[in-house]
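Okay, structure first, notes after.
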Amino acid sequence: MRGILADNDISGQFQVLPYRLESDEWRGLWQDLNLSLFTFEAIGLPRTVSDAVLWHVCQQQGILLLTGNRNKHAPDSLEATIERSNSPTSLPVFTIADPEQVLQSSAYAARIVTRLLEYLIDIDNYR
């Protein structure tokens, strides 16, 4: 796994992560994981890309997708894509239950980062 990318629906919330990951509390672990935080532009995708294409590119490039929305409103939605294409070797998609709380509550943002790091440490058990 090379890193993490935030879906469009949580791009603002995603900006909180680097500050938390580089804090004194988590810096050592984050550096040991040796992961990057990616943008759409960095992986060569427009922000208007379909969820299906985004999921497949993330899988191909070893990038964990972080989202706040896994609806199944269309055949190329994220949830429909996961149901159709997921395999035992696929990287999981992590969904933030309450994305607005990331921006409103420091304690909630801290819990998100803690859980994310726990998953990243043991990522093979979540495939």
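The values are calculated or read from the model by the stated rules, or taken from the named source; none is laboratory data. Just so you know, these numbers come straight off a predicted model, no measurement behind them. Here the Cβ positions follow ideal geometry from the backbone for every residue, glycine too, while neighbour counts run over all protein chains shown. In case anyone asks, the SASA skips ligands and DNA or RNA and just uses the protein heavy atoms, side chains included. Shrake-Rupley method; radii C 1.70, N 1.55, O 1.52, S 1.80 Å.
Condition (residue is in contact with a Phe, Trp or Tyr (Cβ under 7 Å, 6 or more places away or on another chain), farther than 23 Å from V113 by Cα and of a type in the set (D, E, K, R)) applied to segment 44-62: is it met by at least one residue?
Taking every residue of segment 44-62 in turn, at least one turns out to be in contact with a Phe, Trp or Tyr (Cβ under 7 Å, 6 or more places away or on another chain), farther than 23 Å from V113 by Cα and of a type in the set (D, E, K, R).
Read through the list (1) in a loop (DSSP other than H, G, I, E, B); (2) at pLDDT 95 or above; (3) hydroxyl-bearing (S, T, Y), then give the number of the only condition that S23 fails.
Checking S23 against (1) in a loop (DSSP other than H, G, I, E, B); (2) at pLDDT 95 or above; (3) hydroxyl-bearing (S, T, Y), the one that fails is (2).
Being of a type in the set (S, T, Y) and farther than 17 Å from P18 by Cα, is that true of even one residue in segment 96-115?
Checking segment 96-115: not a single residue is of a type in the set (S, T, Y) and farther than 17 Å from P18 by Cα.
Just to be sure, is F14 open to solvent by less than 50 Å² (accessible area, probe 1.4 Å), under 19 Å from T114 (Cα atoms) and among the aromatic types (F, W, Y)?
Criteria met by F14.
Suppose the filter is open to solvent by 30 Å² or more (accessible area, probe 1.4 Å), on the phi < 0 side of the Ramachandran plot, within 12 Å of the chain's Cα centre (by Cα) and not hydroxyl-bearing (S, T, Y); does L37 pass it?
Yes, satisfied.
Output the residues belonging to segment 40-56 that are open to solvent by less than 60 Å² (accessible area, probe 1.4 Å) and within 23 Å of D122 (Cα to Cα).
W55
Within segment 86-113, restricting attention to residues that are farther than 21 Å from D9 by Cα and touching a residue at least 24 places away in the same chain (Cβ under 8 Å), which residue is surrounded by the fewest Cβ atoms within 10 Å (Cβ to Cβ)?
Going through the qualifying residues, I end up with P88.
If a residue has to be surrounded by 15 or more Cβ atoms within 10 Å (Cβ to Cβ), within 20 Å of S36 (Cα to Cα) and not hydrophobic (A, V, I, L, M, F, W, C) to count, how many in segment 57-85 make the cut?
Residues flagged as surrounded by 15 or more Cβ atoms within 10 Å (Cβ to Cβ), within 20 Å of S36 (Cα to Cα) and not hydrophobic (A, V, I, L, M, F, W, C) within segment 57-85 amount to 4.
Collect the residues in segment 17-26 that are hydroxyl-bearing (S, T, Y) and open to solvent by less than 40 Å² (accessible area, probe 1.4 Å), keeping them in residue-number order.
S23
Just to be sure I understand the filter: pairs with C-beta atoms under 7 Å, separated by 6 or more residues or on different chains, first member in segment 44-59 and closer than 18 Å to T89 by Cα, second member of a type in the set (D, E, K, R) and open to solvent by 20 Å² or more (accessible area, probe 1.4 Å). Which pairs pass?
Within 7 Å, the pairs are A52/D76.
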